[in-house]
Amino acid sequence: MSVYLDNAATTKPCAEAVAAAVAAMTENFGNPSSLHRAGLEAQLAVDSARKIIAGTLGALPENIIFTSGATESNNLALRGATAAYGKKRRKIVASSVEHASVEETLAALEASGFTVERISPREDGKFYSADFLSACGEDTVLLTMMLVNNETGHILPVKETFTAVKKRFPHIITHTDCVQGYMKLPIKAKSLCADLISLSAHKIHGVKGVGALYIAKGVRVLPIVTGGKQEKGIRSGTESVPLIAAFGAAAEKLSPTISERWERVTGLRAHLLEELAKIPGVSVNSPEEGSPYVVNISAAGKRSEIMLHFLESKGIYVSSGSACSKGQQSGVLGQFGVTGKLADSALRISMTAETTEEELDRFCQALAEGTEKVRG
Ligand code: PLP
């Protein structure tokens, strides 16, 4: 049996999500835009998922736009909001550790004439809301910062920052990529002071290829995909009913157990750290106060990819850095002070509440063996 410890890359769809997707493909396969009964039933399935997702954020169904995933949600948020509000205000403030789907979009906006100020963590590895606040001004159109970093599990002070920024500069649009925090931390749109929130289904035991963008009431986001005016004209294209239904089913299943699962995974992380401490040369890059779901380590100067394949040969799946960068370093670890050999030997272990101590023990045994056997 293999040990899957790469849940920040993707999770296994839960039975409820699979059943919902299958039902939407076999029984309920209409187009939600069709005016007949089959279309209406598909529309009802989409509406039901929209209500569930909205409810989990303390929002209303009309705040939720379904997309093809968080990459698209992030693009829609950044491009759509700057298109709506960025004629005169040309500055964007962002954290320096965003996922590629935000960072690459920021680079494209920079190329089109926006200025982007990236805020780094301080020497203690922490982000401070005062640093974001002092970068914001009358000329700022948008502030974007992720809630939980996908490579290290760092939790950014989104609520504190957005609250302070909105108080001083109510015109600034606030966006947060909550992909690695959703269904792990309680996220309420209003209390976060967020105008825009990106979510992805496949990180919460849904299916790949669907996500959502929460848009606060009154906030304008211009479409980046135009066509048949589905999703209030903000995201044209026939809704993927099976994937959306699966997304709703996964969120419905997970939302009642957010704090229990956090506690359980915190216990798993404690066990993992205890076992890792016994292996010479292994150091931990994730902060103690971060998300327990993600543990980033450096393994005795052994190159990540080589160690990753050694572990794979033992049936154990982890990631080097983030899965989206396919082994390429994203620079995020460097932002947190992890550089040189430590960065080159970084591995990311990411868990779910179903992960077991036995699986973590198997990983640690294999890692210990790898630190002895693997060459550089
Ligand atoms: N944002 C973060 C923080 C992520 O971890 C990911 C996926 O790795 C994404 C965005 C992209 O999500 P999707 O795969 O749904 O496009």
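The values are calculated or read from the model by the stated rules, or taken from the named source; none is laboratory data. Only a predicted model underlies this, so the values are computations on that prediction, with no experimental measurement involved. Don't worry about glycine lacking a Cβ; one is built from the backbone with ideal geometry, like all the others, and counts go over all protein chains shown. Quick note on the areas: whole protein, heavy atoms, side chains included, nothing else; ligands and nucleic acids left out. Shrake-Rupley method; radii C 1.70, N 1.55, O 1.52, S 1.80 Å.
The table that follows gives values for the structure above.
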read-out	value
For the range 217-229, Karplus couplings with θ = phi - 60° (6.51, -1.76, 1.60), whole Hz, Gly/Pro x	4, x, 8, 9, 10, 7, x, 9, 10, 10, x, x, 6
Rounded to the nearest 10 Å², the accessible area of E358 at probe 1.4 Å	120
Normalised contact order of the chain, rounded percent, pairs of Cα under 8 Å and 6 or more residues apart	24
Extended-chain gain in nm, criterion 0.36 nm per residue less alpha-carbon gap, S313 and R168	46.8 nm
Probe 1.4 Å, accessible area per residue of the chain, Å²	43
The range 205-353 - convex hull of the alpha-carbon atoms, volume per residue in Å³	176
Interchain or long-range residues, amide H under 5 Å from V210's placed H	A201, H202
Histogram of C-alpha separations across the range 15-255, 5 Å bin width, %	1, 7, 15, 19, 19, 16, 11, 7, 4, 2, 1, 0, 0
Whole-Å distance, taken between Cα centres, linking the range 340-376 and the range 169-210	29
The chain: angle of helix 241-254 to the longest principal axis, Cα-based, in degrees nearest 10	60
Vicinal HN-Hα couplings computed from phi for the range 286-300 (Karplus, 6.51 cos²θ - 1.76 cosθ + 1.60; Hz; Gly/Pro x)	7, x, 4, 8, x, 5, x, 5, 10, 10, 9, 10, 10, 10, 6
Separation of the S2 and S120 label points, Cα + 7 Å toward Cβ, nm	3.8
Fraction of beta bridges assigned by DSSP in the chain that are antiparallel (%, nearest 5)	50
Note, ³J(HN,Hα) from phi for the range 169-175, Karplus 6.51, -1.76, 1.60, rounded to Hz, x at Gly and Pro	10, x, 6, 6, 7, 9, 10
Other-chain or far-sequence residues with amide H under 5 Å of N7's (modelled H)	S350, M351
Surface share of carbon and sulfur [accessible, 1.4 angstrom probe, percent] for the chain	55
Angle in degrees between helix 357-373 and the longest Cα principal axis of the chain, rounded to the nearest 10	60
Cα long-axis angle, helix 15-26 against the chain (0 to 90 degrees, to the nearest 10)	40
Residues with amide H under 5 Å from that of I173, placed H, sequence gap 5 or more	L142, L143
Cα gyration tensor, the range 130-182 - rounded (a/c under 1.5), prolate or oblate	prolate
Separation in nanometres of the label points that stand 7 Å from Cα toward Cβ, at A216 and E357	4.4
CD proxy at 222 nm, helix term only [per DSSP H run n ≥ 4: -39500 (n - 2.57); per residue of the chain; nearest 500]	-12500 deg cm²/dmol
Distance from the range 259-299 to the range 19-37 (C-alpha centre basis), Å	42
Segment S259-A111, extension gain: residue separation times 0.36 nm, minus the distance between their alpha carbons	49.1 nm
Efficiency of FRET from Cβ geometry, K229 and F29, R₀ 22 Å, rounded to 0.05	0.50
